[in-house]
Structures are given as structure tokens and as C-alpha cells.
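The values are calculated or read from the model by the stated rules, or taken from the named source; none is laboratory data. These figures come from a predicted structure and were not determined experimentally. Positions of Cβ are backbone-derived with ideal geometry, glycine not excepted, and every protein chain shown enters the neighbour counts. For the accessible areas, the whole protein counts, side chains as well, though only heavy atoms, and no ligand, DNA or RNA atoms are used. Shrake-Rupley method; radii C 1.70, N 1.55, O 1.52, S 1.80 Å.
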Protein chains: 2
Amino acid sequence: MTPVAGRGTGAAPRSVDVARLAGVSQKTVSRVMNDEPYVSEDVRRRVLAAAGELGYRSNNAARALASGRTRSIGVVTLGTALYGPASLLMGVERAVRDTGYALRVVNTMEGESAGIAGAVDSLLDQGVDGIVISEPIDEEGGAELSARVDVPVLVLGAPPPFAAPHVVTGGIVSGQMARAATEHLLELGHTTVHHLAGPQRWYSARDRLEGWRAALADHGRAEPPVVEGDWSAASGYAAGRELLADPALTAVFAANDDMAIGLMRALAEGGRRVPEDVSVVGFDDTPVAAYVTPPLTTVRQPFDAMAQGGLKLLVHAIENPGSDPLPMADPPVELVVRASSAAPR
Amino acid sequence: MTPVAGRGTGAAPRSVDVARLAGVSQKTVSRVMNDEPYVSEDVRRRVLAAAGELGYRSNNAARALASGRTRSIGVVTLGTALYGPASLLMGVERAVRDTGYALRVVNTMEGESAGIAGAVDSLLDQGVDGIVISEPIDEEGGAELSARVDVPVLVLGAPPPFAAPHVVTGGIVSGQMARAATEHLLELGHTTVHHLAGPQRWYSARDRLEGWRAALADHGRAEPPVVEGDWSAASGYAAGRELLADPALTAVFAANDDMAIGLMRALAEGGRRVPEDVSVVGFDDTPVAAYVTPPLTTVRQPFDAMAQGGLKLLVHAIENPGSDPLPMADPPVELVVRASSAAPR
DNA sequence: CGCAGTCATGACAGCGCAGTCATAAGCCGG
DNA sequence: CCGGCTTATGACTGCGCTGTCATGACTGCG
């Protein structure tokens with residue numbers, strides 16, 4: 001009368017069930033599942049066959065409880081569909097997959113009560129083995145947070161927002177490329193370059209501002225007033241309407257492509273031709289950048305490479321606690337010159 | 001000599017430690033942490049104070065093991081930064097947060113070996129309580145997959161790709177809006193409307209194709225040959241170069257905004273003015289759609305509402321097993337008319 | 001005042017794994 | 001041919017929590 005397994009048919013099989021079927025101990029099943037050494041080929045095969053037959057899948061909670069590791073990495077995202085952050089997140093997903101870890105995601109909406117600290121906290125609650133903070137924005141709470149973080153943290157695309165024990169930084173210095181973009185415009189012969197900045201709570205926006213500033217300083221050029229947007233094309237458009245007031249305007253470096261597109265629309269409406277009257281350079285190389293009118297000169301960021309490289313560091317830190325952090329090679333960033341930038345006049 | 005807790009200072013506090021400090025049983029701590037009834041206010045306060053003092057956070061793995069529920073929901077994404085899928089993912093993240101569940105993410109790259117089935121499988125391995133499949137694409141393997149799925153599944157933005165036990169569908173019928181977009185062009189006076197379709201492995205692309213087709217059929221119009229892209233502006237551009245060959249071309253409905261933008265560029269290069277010679281309508285209302293030249297008429301999808309509504313269904317299915325699925329109200333979709341569409345001539 | 005019913009709490013077991021240690025078998029060299 | 005090694009396996013335990021049940025205190029009511 002008793003069914004084979006002795007439990008209701010609905011219940012998921014456990015390692016003991018597999019063990020029984022394969023005629024081995026539960027521990028041996030565990031060994032096979034974890035690719036531990038000291039298992040004979042014969043036994044391994046029998047266990048795998050039994051597992052397959054029963055449709056066994058090991059219980060993650062039990063495994064995490066017993067081993068103290070969850071084999072998962074948490075990501076803090078910004079909760080926007082902006083091309084940069086979204087691409088970085090996708091890169092992280094792809095890269096995490098390769099490492100064998102699972103991915104947990106929480107997002108922190110800008111202006112939300114808890115912010116990054118809250119997001120990190122909820123990841124710690126979930127018991128992740130490591131944390132990725134992607135494109136952090138500036139906020140308070142970093143100090144108290146760092147005390148509670150007891151797993152390695154990877155900060156992607158910007159300097160770490162807080163000084164926690166095991167923080168590594170991966171990813172590019174986007175300031176460097178902002179500098180290159182600005183220099184591109186100067187070398188075309190523009191007297192100076194205006195900057196349409198991103199929201200300054202974002203490290204990456206500040207980075208780009210500083211890169212632009214450094215380029216102007218290097219070349220001994222006057223620094224025009226900065227106009228700040230919020231990354232959106234709408235804000236770029238609004239900024240463009242402001243900039244139209246300046247008859248001397250000949251070149252603008254925008255902190256991302258969306259703002260550059262909004263800016264170009266405002267310029268067009270104001271009767272300024274791009275690039276004949278005003279050159280525009282963006283940042284990100286979004287998929288549409290090459291197809292707007294005119295095609296946008298911009299900076300392409302290697303999101304996948306950043307994520308992959310950074311995760312390698314993180315996994316190293318997780319699996320070799322106490323060891324020195326791996327060095328991070330800055331992945332290649334590229335200035336893509338298109339029709340929106342040209343010599344003045 | 002023995003320190004207070006009797007364990008190394010590095011070890012995370014457990015509920016027994018809290019219990020000891022608060023002078024109650026471990027079970028009572030568990031009661032407080034889970035907001036169970038039958039705990040006096042006094043005890044509750046003492047326990048919370050003790051937990052705060054020790055920096056206690058409950059161990060998720062142990063909780064999951066004991067309760068059999070992980071309190072987490074898995075999402076299958078497409079691994080692209082395309083505006084639609086990325087927005088939907090963000091919407092899901094936001095919505096999940098409100099439900100109190102944690103989010104695990106896996107993505108299936110198009111053309112990858114395992115595909116959706118593999119992604120779902122890995123989520124099941126992780127032991128999620130429910131699964132969200134966002135924008136599924138067409139593929140085999142659905143049948144065998146459905147046998148293994150033992151948690152509720154929500155399919156967002158398209159019909160379910162497989163017949164699993166507990167599948168609910170949430171989200172809009174984008175075909176309906178494709179129809180509205182096409183009708184908008186017909187009502188402007190265009191004799192017929194071309195369609196620049198998305199990749200037909202995507203349900204949403206097929207939906208839009210069918211909506212377009214239905215609109216033409218309703219109005220008794222000839223159906224021009226379909227051009228298929230891959231969602232990218234580049235593919236829209238390529239399609240545009242093909243469409244230029246047709247001198248009778250006066251209106252195109254593109255399955256997303258990026259392709260519409262590429263298309264408009266090709267039209268511009270071919271000397272066809274938008275909207276004077278050719279009207280273009282897109283789909284998605286990406287943030288730049290309003291700022292390209294000319295501003296793009298398009299269809300705005302309420303990603304947040306779709307995700308929120310869908311997740312409500314999913315959580316209901318998780319927490320009330322066996323009950324009838326909740327009805328899903330289609331969230332409002334909106335045709336945004338801008339300058340890229342106008343009457344012919 | 002006594003009994004049933006609510007409320008508040010604790011003791012205990014067990015969730016399904018992995019870690020530790022014990023054990024047995026094979027293998028080698030002196 | 002025996003002591004010491006490597007290899008292969010199992011018994012047992014415990015990870016930190018939740019579920020079940022028992023227990024006692026307190027309540028109201030006939």
C-alpha cells in the first residue's frame with residue numbers, strides 16, 4: 001500500500017529519496033551534487049540516474065542554511081529604464097550567470113525614503129554573498145550603512161559611495177571620456193565647449209562634468225556656465241532653449257545622448273543648424289544615436305565588459321576572503337564621431 | 001571569560017540570542033518577527049529592543065527551509081536594454097517591492113541554448129514562489145517545461161508560451177493598440193499603411209502585426225508587403241531603404257519607436273519628407289520620441305500599471321492556491337499624436 | 001465559585017541539506 | 001606481510017528558523 005517514496009506524490013523529492021533509489025547514503029548524493037572528490041564513477045552515475053528519474057532538484061534553502069552561503073549576488077539598481085543603467089544591469093545579469101551565482105535585484109528610486117542604504121539592507125536581509133551597486137547616486141546614510149555590510153561590495157561606474165570593508169570598484173572612469181569628448185570639440189576649432197550636465201547627485205554626472213572642466217582648463221579656455229538636466233530628452237530640450245540665448249554658442253557636450261537629442265531639437269527650433277552652427281556631442285551611444293538627425297557624435301561605454309570585469313573582482317573577493325582585490329583593467333571606451341560635430345562656421 | 005553570547009563576536013546573532021537577551025523563548029522572537037498574533041505589547045517591545053541592540057536579522061535560508069516558502073519571485077527577462085523590456089522589468093521591480101517579496105532575475109538571451117525553459121528551470125532551482133515571464137519569445141520546449149513548473153506563473157505582455165498549471169496573463173493586448181495606430185493613419189486619409197514589423201519570434205511583434213492587419217481588413221484596404229526588423233534603429237533604417245523603392249508609400253506603422261527613428265532617417269536620406277510625403281507612427285513612446293525630428297506619433301504603454309496589475313494576480317495565486325485567478329483589468333494604453341503623422345499630400 | 005473559552009507563552013521536533021569524523025577497502029614500500 | 005597512506009563511503013549532527021502542541025493565566029458567565 002505504501003508508495004515507493006513513502007511521502008505524498010506531490011512532495012518534491014529530497015536527497016534521501018535519491019539516495020535510497022541509488023542505494024547510497026544521503027551524504028553521497030550531496031557529494032555528487034556538489035562535484036566533490038572521492039566519489040567513484042559508478043556511484044556518480046547511479047546517483048545522477050536516480051536524481052534524473054525522480055526529477056530531484058536540491059533545496060536551495062537547506063543548502064544555504066547548512067553551508068552558510070546563498071550563492072547569490074544582490075544588485076542595487078536605480079529603477080529607471082535609462083539606457084545606461086539598464087544596459088549596465090543587463091550586463092550584470094549576463095555576467096552573473098557565468099559565475100554560477102543567482103541574482104537578486106532591488107531598486108532604489110531616486111528620492112525614495114530608504115535609498116541605497118535601504119536597498120543594501122534588504123539585500124543583506126535576503127542573505128546575499130555579495131552586492132553590486134550600479135551607478136550609485138549621492139546620498140547620506142553611507143556611514144552607518146558601512147557598519148552593517150559584511151559581504152564584498154562592487155561599485156560599478158563610479159567611486160564607492162561609502163567606505164565599507166570589502167569594497168572594490170570596477171568600471172571606467174567616465175570623466176576621462178568626457179575629457180576626450182570635450183577635447184574632440186576643441187580640436188575641431190571651437191573656442192570653448194558648453195556642458196549640458198546630468199543631475200549632480202549622480203557620480204557619473206559629476207565625473208563627466210569634471211572631465212569636461214579638466215579639458216577646458218588644460219587648453220586654457222573659459223568655462224561657460226553649466227546647464228544641468230535630469231538625463232531626459234525633455235530636460236535637454238529645456239536646456240537647449242536656455243542655451244539659445246547665447247549667440248556665441250558653437251559646441252555643446254551633453255552628459256548623455258537623450259539630453260543631446262532634446263538639445264538638438266531645441267537648437268533646430270531656434271534656427272541653429274547642427275553641426276554648421278552648433279556642434280553637439282553626447283554620451284552613451286544609445287541605439288538610436290546613429291539614426292537621429294544629424295547622427296550623433298557620442299561616447300560608447302562597454303557596459304558588458306564593465307559588468308564582467310567588475311563581477312570577476314567581486315566573485316574573487318567572495319571566494320577568497322581576506323585576499324587582495326584583483327586589479328581591474330579599465331575596459332575600452334570609444335569616441336564615436338558622427339555628423340553632429342564639425343569645425344565651427 | 002566567556003563573552004555574553006557565547007559565540008565568537010563575528011557570528012551573526014540568531015533568534016536565540018535575541019530571546020536570551022529579551023528574556024523570552026526563541027519561539028516568541030519568531031512570533032514578533034513575523035507579526036503573529038498573541039504577543040503582548042510589553043514582550044513585543046522587549047524583543048524588538050533586544051533585536052535592535054544585537055543587530056539581529058532573521059536568517060532567510062532557515063526561514064525558507066522551515067516554512068517551505070522563499071518569499072521571492074523570479075523574473076525571466078530577455079537580457080536586452082530595449083526600452084520596452086527594460087521598462088517592464090523596472091515596473092516589475094517596483095511592483096514586487098510593494099508585495100513584500102524579493103526578486104530574483106535570470107535572463108534568456110535570444111538564440112541561447114536553454115532559452116526560456118532553462119531560465120524558468122534555474123528559477124525553480126532557486127526555489128521561487130512565483131515566476132514572471134516578461135515579453136516571452138517563441139520557442140520550443142514549452143511542453144516539457146510545463147510539467148516541472150509547480151508555482152504560479154505570470155506572463156506579461158503576451159499570451160502564455162506554454163500551458164502550465166497556474167498560468168495567469170496580465171497586461172495589455174498590444175494588438176489592439178496597433179490597430180488603433182493603423183486606424184489613426186487611415187483616418188488621416190492614407191489609402192493604406194505599411195508595416196515595419198518586429199521580429200516575429202516575439203509575441204508582441206506578432207500581436208502588433210495582427211492588429212495592423214485587422215485594421216486594414218476592417219477598412220477593406222490592400223495589405224502591402226510587411227518588412228521585418230529586429231527592433232533596432234539600424235534595422236529600421238535598412239527597412240526604410242527598402243521601402244523607398246515604393247513610390248506609393250505614404251504611411252508606415254513601425255512596431256517600435258527605435259525602428260521608426262531609423263526609418264525616418266532613411267526616408268530623410270531618400271528625400272521623402274515626414275510627414276508631408278510619408279507619415280510615420282511608432283510604438284512605445286520612448287523618452288526621446290517627442291524630441292526627434294519630427295516628433296514621433298506613437299503608442300504609450302503603461303508598463304508600471306501592467307506590472308503592478310499582473311503582480312497582484314500572481315501574488316494572489318501564490319497566497320491563495322487553488323483559488324480562481326483574479327480578473328485583470330487592461331490598463332489604459334494611449335495613442336500619442338505628434339508631428340510625424342499627417343494627412344497625405 | 002467553577003468551568004469553558006480566550007490569550008500568551010514555551011518545549012520540542014523537524015525542514016533538507018553540508019560538515020565532521022569514523023570506517024573500510026585498496027595500495028604501496030621496506 | 002605489516003604499518004601507513006590514499007580513496008570511497010556512511011553515520012551523525014547541526015545550520016536557524018517555523019509549526020504543532022502543551023501549558024498556564026486570565027476572562028466571563030451561569
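Taking chain B as a Gaussian network of alpha-carbon nodes connected by springs under 10 Å, the highest mean-square fluctuation of the residues B:Ser235, B:Ser40, B:Ser122 belongs to B:Ser40. Label separation (B:Glu53 vs B:Arg148): 4.9 nm, computed from points 7 Å beyond Cα along the C-beta direction. Taking B:Ala245, B:Ala49, B:Ala217 in turn, the Gaussian network model of chain B (Cα-Cα springs below 10 Å) assigns the largest fluctuation to B:Ala49. Our coupling estimate for segment A:306-322, obtained by passing each phi through the Karplus curve with A = 6.51, B = -1.76, C = 1.60 and θ = phi - 60°, is 4, 5, 5, x, x, 5, 4, 4, 5, 5, 4, 5, 5, 8, 10, x, x Hz, Gly and Pro reported as x. Counting only protein heavy atoms and a 1.4 Å probe, chain B has 41 square angstrom of accessible area per residue. Please give the FRET efficiency for B:Ala245 paired with B:His219, using the beta carbon to beta carbon distance and R0 = 25 Å, rounded to the nearest 0.05. E(calc), rounded to 0.05, equals 0.50. For chain A, the longest principal axis of the C-alpha atoms and the axis of helix A:203-218 are separated by about 40°. Under 19 Å from a label point 7 Å along Cα→Cβ of B:Glu334: give me every residue in segment B:304-321 with its amide N that close. Answer for this model: B:304-309.
Between A and B, roughly 4100 Å² of accessible area is buried in total, ligands, DNA and RNA not counted and the probe set to 1.4 Å. Rounded if a/c is under 1.5, else prolate if a/b beats b/c, else oblate: with a ≥ b ≥ c from the C-alpha gyration tensor eigenvalues square-rooted, which is segment A:174-300? Note, shape of segment A:174-300 comes out rounded. Taking the longest Cα principal axis of chain B as reference, the axis of helix B:233-243 is set at about 20 degrees. Taking every DSSP bridge with both residues inside chain B, close to 10 percent are antiparallel. Less than 5 angstrom separates the built amide H of B:Leu78 from those of B:Thr108, all sequence-distant by 5 or more or on a different chain. A Cα-only calculation for segment A:1-87 places Rg and Dmax at 18.4, 61 Å.
Compared with the dominant Cα axis of chain B, that is its longest principal axis, helix B:174-187 is turned about 30°. Taken as Cα centroids, segment B:321-345 and segment B:268-297 sit 21 Å apart, rounded to the nearest whole angstrom. By the helix-only formula, in which each DSSP H run with n ≥ 4 contributes -39500 (n - 2.57) and the sum is divided by residues, chain A has a 222 nm mean residue ellipticity of -13000 deg cm²/dmol. Rounded to 0.05, the FRET efficiency of the B:Ala268 and B:Asp98 pair, given R0 = 51 Å and the Cβ-Cβ distance, is 0.70.
Build a GNM of chain B with springs between Cα atoms under 10 Å apart, and of B:Asp17, B:Asp324, B:Asp258 the one that fluctuates most is B:Asp17.
May I ask for log10 I(q)/I(0) of the protein assembly as shown at q = 0.05, 0.06 Å⁻¹, from a Debye sum over the Cα atoms as equal point scatterers with solvent left out? Values, matching the q order: -0.28, -0.40. Amide H to amide H distances under 5 Å link B:Thr70 with B:Asp129, where only residues 5 or more positions off or on other chains count and H is placed in the peptide plane. Summarising the amide proton neighbourhood of A:His195: residues at separation of 5 or more, or on other chains, whose placed amide H is nearer than 5 Å comprise A:Val227, A:Phe253. Modelled label positions at B:Asn320 and A:Arg345, each set 7 Å beyond Cα in the direction of Cβ, lie 7.6 nm from each other. Per residue, the average separation of C-alpha pairs within less than 8 Å and at least 6 apart gives chain B a relative contact order of 14 percent.
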